[in-house]
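A.B. asks: Can you read through this structure? Questions will come right after.
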Amino acid sequence: MTWGRRIFARRPGAPFRWLLGCQIGLAVMLVALDLGPALPRMLSPVSVPELDQPTRPGDQTRHYRPDRPANPGPGIDRDMPRRLVAEETTLDGRQALLLRGAISPGDGERIVADLRRLKPGTVLLDSSGGSVADALEIGRAVREAGAETRLAEAAVCLSACPYIFAGGTGRRVADTARLGVHQHRFGESDILPAFLAVEDIQRGQARVLEHLDTMGIDLRIMGPAMATPADEIYILTAEELAEWNVVTD
């Protein structure tokens, strides 16, 4: 009998305590590695303005609150539906569809069915973002329907929402609306941190890049997107929207 086996034989609970200790050590290591990139920001927090604060070139990063994004109008705040809500409406005498709310897993199938049934000429958006996979699915369906996409006055299109917006055959953003991008988390595991799911992250980024390229969006938009933390949002200027072909008018 080896030395390790003799110890375990004398102490029946030793193997279980050893395994538990290894699991706790691994958990501590994973948490430390997952928080590592954000640790400097946690120790030296920088005050990020809320979304209702005006932006200017070079000052475009705002606090991101997916459940309660502020209107671009100062002092105005509103709740955002937790799932994407589709409302039939008309615009310029044509059938239109307003999509408002967060994009939750499973919304894609439902909204795609609405798009195919209604065949709207325009899709209006007011969304804080959410599920990237569902946003890509809806964006492809918008393009298949041949619909335009618009952000009306005081609307927001943040996080994953621009992937729906990109599907429009024609794309417009009102002066007081805001379209913003930031980093996303990919991977379906709720147990392991995202940094361990390297293949999932790469596949997710590849799908996003392919989608934007197919929709005719300049991939330079991914620069500020990948450089902006998930709890912040980078608001594109009118010049960036035009130069990167995010808008067509």
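A.B. asks: Can you tell me which residue within segment 141-151, out of those that are touching a strand residue (DSSP E or B) at 6+ places or on another chain (Cβ under 6 Å) and among the hydrophobic types (A, V, I, L, M, F, W, C), is surrounded by the most Cβ atoms within 10 Å (Cβ to Cβ)?
C.D. replies: Val142
A.B. asks: May I ask you to verify whether Thr176 is at pLDDT 95 or above and hydroxyl-bearing (Ser, Thr, Tyr)?
C.D. replies: Judged against the criteria, Thr176 is not a match.
A.B. asks: I'd like to check something: does segment 128-140 contain any residue that is open to solvent by less than 10 Å² (accessible area, probe 1.4 Å), part of a loop (DSSP other than H, G, I, E, B) and touching an Asp or Glu at 6+ places or on another chain (Cβ under 9 Å)?
C.D. replies: No; the residues of segment 128-140 include none that is open to solvent by less than 10 Å² (accessible area, probe 1.4 Å), part of a loop (DSSP other than H, G, I, E, B) and touching an Asp or Glu at 6+ places or on another chain (Cβ under 9 Å).
A.B. asks: Further question on the same structure: Filter segment 99-132 down to residues that are under 16 Å from the mean Cα position of the chain (by Cα) and among the acidic types (Asp, Glu) and give me whichever is modelled with the highest pLDDT.
C.D. replies: Here the residue is Asp107.
The values are calculated or read from the model by the stated rules, or taken from the named source; none is laboratory data. Nothing here was measured: the structure is a model prediction, and the numbers come from that model. Don't worry about glycine lacking a Cβ; one is built from the backbone with ideal geometry, like all the others, and counts go over all protein chains shown. Note: accessible area is taken over every heavy atom of the protein model, side chains too, but ligands, DNA and RNA are not part of it. Shrake-Rupley method; radii C 1.70, N 1.55, O 1.52, S 1.80 Å.
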